[in-house]
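Worksheet: one structure, shown below.
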Amino acid sequence: MNVKEMIKNFFESLSYLFGSYKPPILLPGAMIVKPKIKPKLLMNADIEKICGKFSYTEKSGGYIEIEKSWVENNIVVVTLPLIGPIRCHKKAEEMLRKIFEEIKSTCPESVNIRDTKTIGGCWVPRHILFNPKRALSIHAFGVAFDINPSTNAYNTKGDLNPKIVEIFEHHGWYWGGNFSTRDDMHFQLGIFF
């Protein structure tokens, strides 16, 4: 990839976060084209720059309570195809809607809807692995999503359909299956470089 393509991909990733970039619309049965490059992982400091920083208080079990004003200004309810209503960051709303439209049109049978709605999901104000000694989870910002957690447990090779991974990556989301300790259920906002 040359420098010009890298710069174009970088700005498309940024503009996608802020609503001006529209990925291609796929018709049912259309082939999904893998991105030329995979999204890169964003660290918490990068996520804070995109989503906004917040104050919080510790709760039991690794949960946190985020300041009310940040929640009111940033967390929205979006109804996703297959899944139904979820809470996420407003900057992830349109991306998640498009991701789940594609999943619905290409591989809806690959999502365990009940498992994803009751155990998985998106906005969960907490620390990584519910451990208060660890950093905040990207779920606390509402820009992470867990799919089929019962069969894709942390630190195991799960059974997630590769098409789901391709769809999320196509929209700039980083897959937890690429972490040094696998987390196959997990996707989080990434960026193309």
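The values are calculated or read from the model by the stated rules, or taken from the named source; none is laboratory data. Being a predicted model, the structure only gives us computed values, none of them experimental. Positions of Cβ are backbone-derived with ideal geometry, glycine not excepted, and every protein chain shown enters the neighbour counts. With ligands, DNA and RNA removed, areas are computed over all heavy atoms of the protein, side chains included. Shrake-Rupley method; radii C 1.70, N 1.55, O 1.52, S 1.80 Å.
Just name the residue that is modelled with the lowest pLDDT out of those in region 140-163 that are hydrophobic (A, V, I, L, M, F, W, C) and surrounded by fewer than 23 Cβ atoms within 10 Å (Cβ to Cβ).
Step one: filter region 140-163 for residues hydrophobic (A, V, I, L, M, F, W, C), giving 140-141, 143-145, 147, 153, 160.
This time we only want the ones that are surrounded by fewer than 23 Cβ atoms within 10 Å (Cβ to Cβ), so: 153, 160.
On the way: A153: 90, L160: 94.
Per the criteria, the residue is A153.
Contact map, region 153-180: first residue in contact (Cβ under 8 Å) with a residue 40 or more places away in the chain, second residue assigned to a loop (DSSP other than H, G, I, E, B) and of a type in the set (D, E), Cβ cut-off under 6 Å, separation 6 or more or different chains; pairs are L160/D184. Taking (1) in contact with a Gly (Cβ under 7 Å, 6 or more places away or on another chain); (2) surrounded by fewer than 20 Cβ atoms within 10 Å (Cβ to Cβ) in turn, E109 satisfies each apart from (1).
Selection of region 39-79 for residues being more than 21 Å from F130 (Cβ to Cβ) and assigned to a helix (DSSP H, G or I) yields A45, D46, K49, I50, K68, S69, E72, N73, N74.
Open to solvent by 20 Å² or more (accessible area, probe 1.4 Å) and in contact with a Leu (Cβ under 6 Å, 6 or more places away or on another chain): which single residue out of K104, K98, K90, K117 fits that description?
Details: K98 fails: in contact with a Leu (Cβ under 6 Å, 6 or more places away or on another chain); K90 fails: in contact with a Leu (Cβ under 6 Å, 6 or more places away or on another chain); K117 fails: in contact with a Leu (Cβ under 6 Å, 6 or more places away or on another chain).
The unique qualifying residue is K104.
Has region 145-156 got at least one residue that is more than 25 Å from S180 (Cα to Cα) and polar (S, T, N, Q)? No.
Just to check your reading of the model, which residue among L26, L14, L82 is surrounded by 13 or more Cβ atoms within 10 Å (Cβ to Cβ), modelled with pLDDT of 90 or more and of a type outside the set (G, A, S)? Write out each step before concluding.
Details: L26 fails: modelled with pLDDT of 90 or more; L14 fails: modelled with pLDDT of 90 or more.
Only one candidate qualifies: L82.
Taking E58 as the residue in question, decide whether it is open to solvent by less than 70 Å² (accessible area, probe 1.4 Å), over 15 Å from the mean Cα position of the chain (by Cα) and either at pLDDT 95 or above or small (G, A, S) (or both).
no
Against the conditions (1) assigned to a helix (DSSP H, G or I); (2) in contact with a Pro (Cβ under 8 Å, 6 or more places away or on another chain); (3) at pLDDT below 95, E101 satisfies every one except (3).
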